[in-house]
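The values are calculated or read from the model by the stated rules, or taken from the named source; none is laboratory data. Keep in mind that this is a model prediction, so the values were computed, not measured. Cβ placement follows ideal geometry from the backbone for every residue including glycine, while neighbour counts extend to all protein chains displayed. Heavy atoms of the whole protein, side chains included, go into the accessibility calculation; ligands, DNA and RNA do not. Shrake-Rupley method; radii C 1.70, N 1.55, O 1.52, S 1.80 Å.
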Amino acid sequence: MARLFGTDGVRGLANLDLTPELALSIAASAARVLAEHDRSHRPVAVVGRDPRASGEMLQAAVCAGLASAGADVMQVGVLPTPGVAYLVAELGADLGVMISASHNPMPDNGIKLFAAGGHKLADAIEDEIEAGLNSTAPRPTGAGVGRVYDIADAHDRYVAHLLKSIPNRLDGLRVVVDCANGAAWAAAPQAYREAGAEVIAIHALPDGENINDGCGSTHLDQLREAVLAEGADLGIAHDGDADRCLAVDSAGNVIDGDHIMAVLALAMKDAGELVEDTLVITVMSNLGLHLAMRDAGIALRTAAVGDRYVLEEIRNGGYSLGGEQSGHVLLPGYATTGDGLLTAMRLMARVTATGKSLAELAGVMTQLPQVLINVKVADKATVAASAQVSEAVAAVEAELGDTGRVLLRPSGTEQLVRVMVEAPTHQTAQSAAERLSKVVADVV
């Protein structure tokens, strides 16, 4: 049977895959596992959600599950995922639950769990929770049943934390922020305004059904248009739960996670904050980032795709910055998880501190054309072991030399092999990717 927990919690079509019954069972099991690990006190959980309609239903189920297992619950309402993680630590809770499917369409939803301190759960703890889903353990009664409270100032606590996490104010900056009709709809405009920026907010009227609907970090066209129409210095785009951030410059050019990491790495190096002058990235980061960091004297550590793997590498080395091309940026000195609002504010702080435009700052990195082709295969393992595929990859790598690179990566959930090629021109990358894809597809 497939593992219930994926790389970022449990996710599925709300009320079909992710039912209230399953949400209740996950929450109750999580509370029991926590109680087993620490019998010194009654467990306390923080629960938040994004605005999608099914979140109301699932929040009720999660809170019921936690309370039924004897945990007290602090509801923080609609708040970004990193806000929930922060409040787990701030409020001294034992567990955090975020109900969100991030950038997924509205019909989906998910459950993300955080341990004490606001950190993502270890795989072993997730396995314990999954193993206890159908437990018949005795339930508490009377005063042993958990209580559910609302934390009225949760939003303001999170914004105050963000304001303390930037080195300088954002005065004089005119910014458009696309809130994706998601969890950041109130917090992002407020935080940026209180930091000194002039803010034009778009897609900041969630109705439960319009989250990620043609907007946010996966749909940048309207943000680009708004930046140009408003004469803004830059634009910021968040996803549904605001744990990621992408940007556009004043000319409407997209500034992706690689560019953002390049800007922040140089800023932190200048400030003496970049531990061992090292940046942690994934295998999908563009070769242009590698070249820019090499020229800047910044070392790179590479992790598998997924912010949890980046975080693992950061923790192992004690590093201070890492992230993904998708806009998940990790700043462990300020947050326990990817925080799109924190990332945006640190990026904007660099713009105001240097007096340079975002385009100038991002220009430190030249992005090489990248082509990605998903190839359906009968068996990923057979492809990985194929001498014919290895020879074809080696031939393309020899052609590209230091001017490009090749990456073949099996999908974690499907019988697919992702063929990625970077090269000096799009035509060269496309041609090489198509040749390799044909070799991969022909493996029997």
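Numerical summary
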| quantity | calculated |
| --- | --- |
| Most mobile of Asp178, Asp249, Asp270 in a GNM of the chain (Cα contacts under 10 Å) | Asp270 |
| Over the stretch 160-305, relative contact order from alpha-carbon pairs under 8 Å, at least 6 apart, % | 19 |
| The chain: angle of helix 387-400 to the longest principal axis, Cα-based, in degrees nearest 10 | 60 |
| Prolate/oblate/rounded label for the chain (Cα gyration tensor, a/c 1.5) | oblate |
| The stretch 161-248: C-alpha gyration tensor shape, a/c 1.5 cut-off, then a/b vs b/c | oblate |
| Choice from Asp94, Asp38, Asp171 with maximal GNM fluctuation in the chain (Cα, 10 Å cutoff) | Asp38 |
| Carbon plus sulfur fraction of accessible area for the chain, probe 1.4 Å, in percent | 51 |
| Residue with peak Gaussian network fluctuation, the chain [Cα springs, cutoff 10 Å], from Val76, Val44, Val389 | Val389 |
| Separation of the Leu407 and Ala143 label points, Cα + 7 Å toward Cβ, nm | 5.6 |
| Protein-only accessible surface order, largest first, of Tyr334, Tyr319 at 1.4 Å | Tyr334, Tyr319 |
| The stretch 325-330 - phi-based ³J(HN,Hα) in whole Hz, Karplus 6.51/-1.76/1.60, Gly and Pro as x | 4, 6, x, 6, 10, 10 |
| Over 29 Å (Cα to Cα) - which of Lys269/Lys356; Lys112/Lys438; Lys120/Lys269; Lys164/Lys269; Lys164/Lys356; Lys120/Lys356 fall in this group | Lys112/Lys438; Lys120/Lys356 |
| Full-stretch length increase - Ser357, Gln388 - with 0.36 nm per residue and alpha-carbon distance subtracted | 6.4 nm |
| Helical contribution to [θ] at 222 nm, DSSP H n ≥ 4, -39,500 (n - 2.57), averaged over the chain, rounded to 500 | -12000 deg cm²/dmol |
| Heavy-atom SASA rank of Met348, Met106 (probe 1.4 Å, accessible area, largest first) | Met106, Met348 |
| Rounded to 5, the percent of DSSP beta bridges in the chain classed as antiparallel | 50 |
| Nitroxide proxy distance, nm - points 7 Å out along Cα→Cβ at Ala271 and Arg193 | 2.5 |
| Relative contact order, percent, the chain [alpha-carbon distance under 8 Å, six or more residues apart] | 13 |
| Between helix 257-270 and the chain: long-axis angle, C-alpha atoms, 0 to 90°, nearest 10 | 90 |
| Rounded if a/c under 1.5, otherwise prolate or oblate - the stretch 143-185, Cα gyration tensor axes | oblate |
| Rounded tilt (10° steps) of 307-317 against the dominant C-alpha axis of the chain | 80 |
| Pairwise FRET efficiency - Ala378 versus Ser250, Cβ, R0 = 41 Å, nearest 0.05 | 0.25 |
| Solvent accessible area, Å² - Phe5, 1.4 Å probe, full protein context | 10 |
| Highest-first arrangement of 402-408, 220-226, 147-153, where packing means the average Cβ count within 10 Å | 220-226, 402-408, 147-153 |
| Solvent exposure of the chain as accessible area per residue, Å², 1.4 Å probe | 41 |
